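The values are calculated or read from the model by the stated rules, or taken from the named source; none is laboratory data. Please read these numbers as outputs of a predicted model, since none were measured by experiment. Note that each Cβ is placed from the backbone with ideal geometry, even for glycine, and that neighbours are counted across all protein chains shown. When the accessible area is computed, the model is the full protein with side chains, heavy atoms only, and any ligands, DNA or RNA have been set aside. Shrake-Rupley method; radii C 1.70, N 1.55, O 1.52, S 1.80 Å.
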Amino acid sequence: MTHKIPTFPADFTWGVATSAYQIEGAAFEDGRGPSIWDAYALMPGKILNGENGTTSCDHYHLWQQDLDLIQNLNLNAYRFSVSWPRVLPEGMGQINEKGLDFYDRLIDGLLERGLDPHLTLYHWDLPQALQNRGGWANPDIVQWFTDYALTLHRKLGDRVKSWCTFNEPWCTAELGYHIGRHAPGIQDLPTAVLASYHIQLAHGQAVLALRGENVRGEVGTVLNLYPVDPATGSPEDQEAALLLDAKINCWYLDPVFRGTFPERALQHYQNQLGAKMPDLDLEALKVAAQPLDFLGVNYYYRYWVSTEGKTLQNVERTDMGWEIYPEGIYRLMKDLHREYPVPKYYITENGAAFKDELVNGQVHDAERVRFLQDHLHHLQRAIAEGVPVSGYFEWSLLDNFEWAFGYAKRFGIVHVDYDTQQRTLKDSAKWYRDFVGEQRGILQKAPQAKGIF
Ligand code: PNW
């Protein structure tokens, strides 16, 4: 059965997303200071095959050809992050002008190619100098982060279309400070709860500071969000699903939208931690609820919660083991629009890792093509039903450093040969290019985009 090709709004933002530590390389060039990921990568056993982001995709040197790639994909936007230690090697104080110049050139390069710069301030690569002072567990980080935001705004504020304070604070707090699977590798729940609280204060203060300088671009934040389903109708499963939803979704949504933490999760942490529960000033948390121009949503999969250890059978999964669940993007956006309304949403990340093979200069990643088609189909449904989604950023432009998995997981629509730094468009990149081209009226005819939905 062929479906009608859905039409997205004419002014829709079409992009790809990356982050600094995952693609830039040049980790010790031009005065960049060490980040917590440089240090974490040195700890034995933390990253698969002992890999690191020291060279990665060498985007720091190859940025012009990478921007050409984005332009040739018919896109009109690019989401990237700034490496804090490249700009402020000590995390504060002395500015490394060479580092700041890189982003200055990058942004000019984007504008020359008709691409809107969507800048993320924090995508996990904290300066090690600040980690030495406790990182996100130190209340002073609220000021350090605000000063960093203002440093960037002074140099780049005339040209940045969109400012995002944080990428996925859940990952920073939970994976970085509780599970220890991300840098800085701490495994302590009270510290994680405290870190998540300071991130909220830093978000609020940075937004206030940017507004205070009459920021031209729009300001928002990016959360990783998930539909959460109980495996069965049992009260235990239902309760467990509600708690997980409170801990992963509402713990990050409620501060930003309401200036509060969800009662269910707060109670849970208090019961679990007792005297070790950090002393959170809930009055001060209100600063987190600044009016935002957009919420960025990173959607990858859903959680299916069973208290009896049941797992979903017969579902397709990506190379990360994540369920492929395209309807989730529709459900998530509908729920968000009802519970947490904001003038606009972006899908700031959506994509998948698969076992791609480069053969004769081609990567036939049919699974990724279908993944994108199906998610865009369900996203379009949400838009048709009135959810104000203004853009979609595919994760990711390039195969890149996938954190604890090193280079083993390939998320790119463009294949990277890490020996030669050769970029090769996968079938998914060609499909996305033609689809977006047709949506934007750039191509007269796009045969590959026919009858896909
Ligand atoms: C996001 N999880 O990370 C990040 O924003 C990207 O840097 C990353 O490359 C991408 O998704 C793919 O993983 C996540 O455990 C990391 O649920 C972990 C999780 C979710 C997102």
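Bridge orientation summary for the stretch 13-439: considering DSSP beta bridges with both residues in this region, about 15 percent are antiparallel.
For the residue pairs Lys334/Lys409; Lys355/Lys426; Lys46/Lys98; Lys155/Lys344; Lys247/Lys286; Lys98/Lys155, alpha carbon separations beyond 21 Å are given by Lys334/Lys409; Lys46/Lys98; Lys155/Lys344. Using alpha carbon centroids, what distance separates the stretch 54-108 and the stretch 25-47, in Å? Value for the Cα centre distance between the two parts: 17 Å. The Cα atoms of the chain cover 64, 58, 45 Å along the three principal axes, with the biggest extent listed first. If the reach is capped at under 17 angstrom between alpha carbons, list the aspartates and glutamates near Lys430, excluding any in the same chain fewer than eight residues apart. Candidates past the 8-residue exclusion: Asp66, Asp68, Asp356, Glu357, Asp365, Glu367, Asp374, Glu394, Asp399, Glu438.
The heavy atoms of Leu253 offer some 10 square angstrom of accessible surface to a 1.4 angstrom probe.
Accessible surface computed residue by residue for the stretch 288-337, with neighbouring protein chains in place and a 1.4 Å probe, gives 45 Å² per residue. Sorted largest first by accessible area at a 1.4 angstrom probe radius, with every protein chain in place, the residues Leu358, Leu156 fall in the order Leu358, Leu156. Per the Debye formula with a single identical scatterer at each Cα and no solvent contribution, what log10 I(q)/I(0) holds for the stretch 63-164 at q = 0.12 Å⁻¹? Cα-only, vacuum Debye calculation for the stretch 63-164: -0.41.
The relative contact order of the chain comes to 19 percent, based on Cα pairs under 8 Å that sit 6 or more residues apart. Given a Förster distance of 35 angstrom, what is the FRET efficiency for Glu357 paired with Lys98, based on the Cβ-Cβ distance and rounded to 0.05? E(calc), rounded to 0.05, equals 0.35. Accessible area per residue (1.4 Å probe, heavy atoms of protein chains only) ranks His378, His178, His198 as His178, His378, His198, with the largest value leading.
Only protein heavy atoms count here; under a 1.4 Å probe, Met92 has an accessible surface of about 60 Å². Residues whose amide H falls under 5 Å from that of Arg317, counting only those 5 or more places apart or on a different chain, are Ile324, with hydrogens built in the peptide plane.
In terms of accessible area, using a 1.4 Å probe and ignoring ligands and nucleic acids, Thr18, Thr420 rank largest first as Thr420, Thr18.
Shown for the chain: the carbon plus sulfur share of the solvent-accessible area, taken with all protein chains present and a 1.4 angstrom probe, equals 48%. For the stretch 290-306, the residues whose backbone nitrogen is under 17 Å from a point 7 Å from the Cα of Glu239, taken along Cα to Cβ, are 305-306. Heavy-atom accessible area for Arg105, with the other protein chains in place and a 1.4 Å probe, reaches approximately 100 Å².
Take the alpha-carbon centre of the stretch 342-400, take the same for the stretch 252-327, and report the distance between them in whole Å. That distance is 22 Å. So what J values fall out for the stretch 46-51 if you push phi through Karplus, 6.51 cos²θ - 1.76 cosθ + 1.60 with θ = phi - 60°, rounded to Hz, Gly and Pro as x? Per-residue couplings from phi come out as 7, 10, 3, 6, x, 7 Hz. Listed values for the stretch 311-326 are Karplus-derived 3J(HN,Hα) couplings in whole Hz (6.51 cos²θ - 1.76 cosθ + 1.60, θ = phi - 60°), namely 10, 5, 9, 6, 10, 7, 10, 7, 5, 7, x, 7, 4, 8, 9, x, and x replaces Gly and Pro. Extending 7 Å from the Cα toward the beta-carbon at both Val342 and Asp188 defines two label points whose distance is 3.1 nm.
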